[in-house]
Structure formats: structure tokens, C-alpha cells
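Single-structure report; data block below.
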């Protein structure tokens, strides 16, 4: 729908000459303007800039309906056809957005439209914004609705309890800060955006995040394959808590060689736990190759991305299932907050982790959440200078 402003003709296949949107031997179909001739105005007339058009498609401003055009338009083809137009460089990001939400034709638009408004906005921003912009804005959008003050930095919500106007309906979903807190939720949204994940969870420390992850996903008799030079705090957690008390089997292997991981897999293997680079020896492993050998085996690949940070490495895009962080290190970056985080995209696993986060109470405080939000804002600059 964003293509309407340029009156792009739609093709059944991609033209081969210079990526042009106006030339090619492909068979033409009706243009958007022809398809919507009975409408009172084109989207361009109603939405003269890209930002307004973006607002239209994510449901902020319902300008109108173009259902009669649906069979004629293939968004992927249309976007490819206009890549050669220098005026439309921003739409390269839109092309990535289309693929990220599995939209290939306008018949798939309902998948997108059925999401709630915040989810649609987050999805759109994560794919359009550059890393540095996400690190500043995601989670801290100004509130201009009635009662909102428009502040560009989220307040520190210190309240333990939230009053209800209706007895059976929590105010904006909040009832008790252990379960959910606006400041912590803002941080969790930003953490998810930086790792290209659907969900983020913030914890009182990195080890707290790891503890909740293991409690959520493991039971007695399960098996973990872990990096041989794992961070000492994680190794202590595995050996003295989960191995001794819960009889979870641990195998430490040199994950720099993928064959070592493959050889260590057992019928009861539940997790492959990677650090890359490791703390403190800075050893690396191939996340993508290790993730490929676990496919179809009901094994979850967890990557501790603390030392690389999402600025340099996004394990989920390499095939990992879950990312963990000690926010104490690079994410906060000011040595004034202890915290941890988990980022993932699987709905079922997120529900389990969210339940155990609430049940164990291993949450990050509102003030620490504020500190990490602040620290993340210059993460791109810090890591960029480091590089």
C-alpha cells in the first residue's frame, strides 16, 4: 500500500533491465491508481510523505480501504521493481520488513493488522530504524494522549502497586511491580529490539536470568552441553545448583570445534549453552554451524552475548533460540547497575520464562531499569569507538 504515492505499475515478474520500475518486458497488471479508480483520492493525496504512509499501514490513521486491489498486488515484486529509483531508498528497509513478518501479498496483510498497535509499531520501528536510533527511542515514545506529559525519557515508576478503576481490569495491564512495571517493560522492549527479538525480559543480575532460564526449561535428568571455558558464575550455577541439587547433567566441551558439540549430543540433551567470545579468554565459536546441527532435535541453543553486545552480533539471526546478557557490562556501561536480560522470539518459551520471572521475583528494579535504558542510548557510539 505504501507504493501508491509513486503510481508504480505492478508486474507478474521482476524486470531485468537496470532494476527499473518503468521498463521491462514483463507483463503489466493494472496500476494501483487504475485498481482504485473509484476511490475519492489516492494514498499519495491523503498521505504525502513516507512517515504518514507508514502510520497509515500500521493502523494509526485509518485512511480508507483498498480490498478490491488485493488480488492484483504482490508487495515483494513491487518493492523489487522500485529499488532502482533513488527517491525510494527508504523502502529497502520496508522490503526487509515485509519479509520479517512473512508478507508476500496483500492477502497476508491481516497477519500484520491483527497485531495490537504497540506490537505493530515496535515491529515496524525495529526494521526501519538503525541500531543507534533503536537504542535511543524504542520503549521511550512520548505519550501525547490525555493525561500524558510528552516526556521523552520514561519516568521511574517506583510504585509497588497500581490502582484499578475497574475491579476486574488492571490499569494498562499493571497490578503489581513484580509482575509488571512500566519502566522495566520499556527496557524489555528496547532489549528485544536491539537483538531483533520479539520479547525481552530484565532480571536482577545475569546469573538471575540464567537461573530463571534453567528453572523454566530443565528438569532432573536433562543434559546441558556448555562451552568449556564458561564464565565462572555460570559454571558455579550449573555445578553446585543444577547438577548437585537437581541432577542435571553437564558436559563441558571445546565448542570452537563443531564436531565436539555434535559428538556430545545425547538423547536427553536439552540445552547447548554458548559464550562467544568467552569471559575472560575471548574464545569464539560458530553459532550458525552449531545451531544447524541441533535442528530437529528439540535442543535449545542459548548464547551469552554479553561480551560482543547486539551492536556487533545478533545470535538469533544466526540460528540461536535464546540470548542472555549481563546488562552490568556493555549494555549499561557505567558500572553503576547490576542486571541481566533474556531475549527470544518463541511465544511458548517466553510465556514460561515470564511465569518464572514473576514466580521467583528475580526482577530488575525500576531504578536499575532506568539506568540501563540510559546506558543503552550510547551503546552504538561506545561499541563503534571500540571497534
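Taken together, the residues in the range 248-284 that are closer than 20 Å to residue 315 by Cα and either in a loop (DSSP other than H, G, I, E, B) or at pLDDT below 95 (or both) amount to 13. Taken together, the residues in the range 319-359 that are without any contact (Cβ under 8 Å) to a residue 24 or more places away in the chain and in contact with a strand residue (DSSP E or B) (Cβ under 8 Å, 6 or more places away or on another chain) amount to 0.
Scanning the range 195-209 for residues that are out of contact with any strand residue (DSSP E or B) (no Cβ under 6 Å at 6 or more places or on another chain) and at pLDDT 95 or above gives 204, 207.
Residue pairs whose Cβ atoms lie under 7 Å apart, separated by 6 or more positions or on different chains, with the first residue in the range 137-152 and in contact (Cβ under 8 Å) with a residue 60 or more places away in the chain and the second loosely packed, with under 15 Cβ neighbours inside 10 Å and part of a loop (DSSP other than H, G, I, E, B), are 140/152; 140/153. For beta carbons closer than 7 Å, sequence separation of 6+ or different chains, a first residue in the range 224-241 that is farther than 12 Å from residue 211 by Cβ and a second that is in a helix (DSSP H, G or I), the qualifying pairs are 224/238; 225/261; 225/264; 226/238.
The set of residues from the range 163-213 being without any contact (Cβ under 8 Å) to a residue 60 or more places away in the chain and either touching a helix residue (DSSP H, G or I) at 6+ places or on another chain (Cβ under 6 Å) or in a strand (DSSP E or B) (or both) comprises 166, 169, 171, 174, 176.
The values are calculated or read from the model by the stated rules, or taken from the named source; none is laboratory data. Computed from a predicted model, the values in this text were never measured in an experiment. All Cβ positions, even for glycine, are placed from backbone atoms using ideal geometry, and neighbour counts span all protein chains on display.
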